[in-house]
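The values are calculated or read from the model by the stated rules, or taken from the named source; none is laboratory data. Keep in mind that this is a model prediction, so the values were computed, not measured. FYI the Cβ positions are ideal-geometry reconstructions off the backbone, even for glycines, and counts take in every protein chain you see.
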Amino acid sequence: MKYLYHLVSWALGITLLSAGHGAAYEMVAVPDGATVTGKVTFKGTPPTPRRVLMTKDKEACGEGYRGLTDVSVVGGGLDGAVVLLEGISKGKPWSVPDGGYTVDQRRCAFHPHISVIPQGAEMVILNSDPVLHNIHAYEVIGRASRTLFNVAQPKFKTKVTRIIRTTTGKVVRIECDAHNWMLGWFYVADNPYAVVVGNDGTFTLSDVPPGRYTLKAWHPTLGVKEVAIKVPPKGRVEISLEFQRPAGV
């Protein structure tokens, strides 16, 4: 991993863009940082996976039916959720995955399915399939949405980049206009204390400044759960957030 303070101009861009979306985040040392850890769980029976017939580009997408799981539960833990702390204006530096923030279109699916990305950061969009994809990104604003970008990627156009910048919402939904079953998500974070949970729903947020915050879990199908927490200096806070199957899902 590499820290954004090594990338001065990029970090400055993030700061300026964040300022337009709320208070700018400031990167500082956190000598008395704490750890917030826990698990996102699901109570009840998950919805049955949807079955979608592969109708085109079978050399890349496969044949027959594909199961699409909207709610994945492993040992009671909910996969595919994002956990974040709200109310932190200064703290540890952002970290960037090796290769940057990347989403790949592979076997006619988005990999990863869910990503966390800083406000104003660059997303690298790959096409590893030998077919045309058309990535269409929408900012989700309540029940409404607006197009952020719409990019055709023929098989010879294996890489494009776009800046991910929202105006009101935090969630970006990505689809492929050429393959209507393809779906993915970006969660646009204002601070580095935001992670995609593990497959079993577990999470860890490190180097958290002492204070009172809102711990929030977001899931693209199940919505949001949140709780107020108090983080002591150099302490450890363990907490779980539970989702249930809502009516109609």
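State whether one or more residues within region 142-150 are surrounded by fewer than 16 Cβ atoms within 10 Å (Cβ to Cβ), over 20 Å from P118 (Cβ atoms), modelled with pLDDT under 95 and among the hydroxyl-bearing types (S, T, Y). Among the residues of region 142-150, not one is surrounded by fewer than 16 Cβ atoms within 10 Å (Cβ to Cβ), over 20 Å from P118 (Cβ atoms), modelled with pLDDT under 95 and among the hydroxyl-bearing types (S, T, Y), which makes the answer no. Among the residues of region 105-125, which ones are surrounded by 18 or more Cβ atoms within 10 Å (Cβ to Cβ), in a strand (DSSP E or B) and touching an Asp or Glu at 6+ places or on another chain (Cβ under 9 Å)? Answer for region 105-125, where residues must be surrounded by 18 or more Cβ atoms within 10 Å (Cβ to Cβ), in a strand (DSSP E or B) and touching an Asp or Glu at 6+ places or on another chain (Cβ under 9 Å): Q105, F110, P118, I125. Just a yes or no: is a residue in region 76-83 under 28 Å from M27 (Cα atoms) and in contact with a Leu (Cβ under 9 Å, 6 or more places away or on another chain)? Taking every residue of region 76-83 in turn, at least one turns out to be under 28 Å from M27 (Cα atoms) and in contact with a Leu (Cβ under 9 Å, 6 or more places away or on another chain). Against the numbered list (1) of a type in the set (D, E); (2) touching a strand residue (DSSP E or B) at 6+ places or on another chain (Cβ under 6 Å); (3) part of a loop (DSSP other than H, G, I, E, B), E63 comes up short only at (2). Among the residues making up region 126-141, a single one is of a type in the set (G, A, S) and either out of contact with any strand residue (DSSP E or B) (no Cβ under 7 Å at 6 or more places or on another chain) or crowded, with 18+ Cβ neighbours inside 10 Å (or both): A137. When G62 is tested against (1) surrounded by 14 or more Cβ atoms within 10 Å (Cβ to Cβ); (2) on the phi > 0 side of the Ramachandran plot, just one condition goes unmet, and that condition is (1).
Hand me the list of strands (runs of 3 or more DSSP E) wholly inside region 151-196 holding 1 or more residues that are surrounded by 14 or more Cβ atoms within 10 Å (Cβ to Cβ) and among the aromatic types (F, W, Y).
Details: elements: 159-164, 171-176, 179-189, 194-196.
Filter on region 151-196 gives 179-189.
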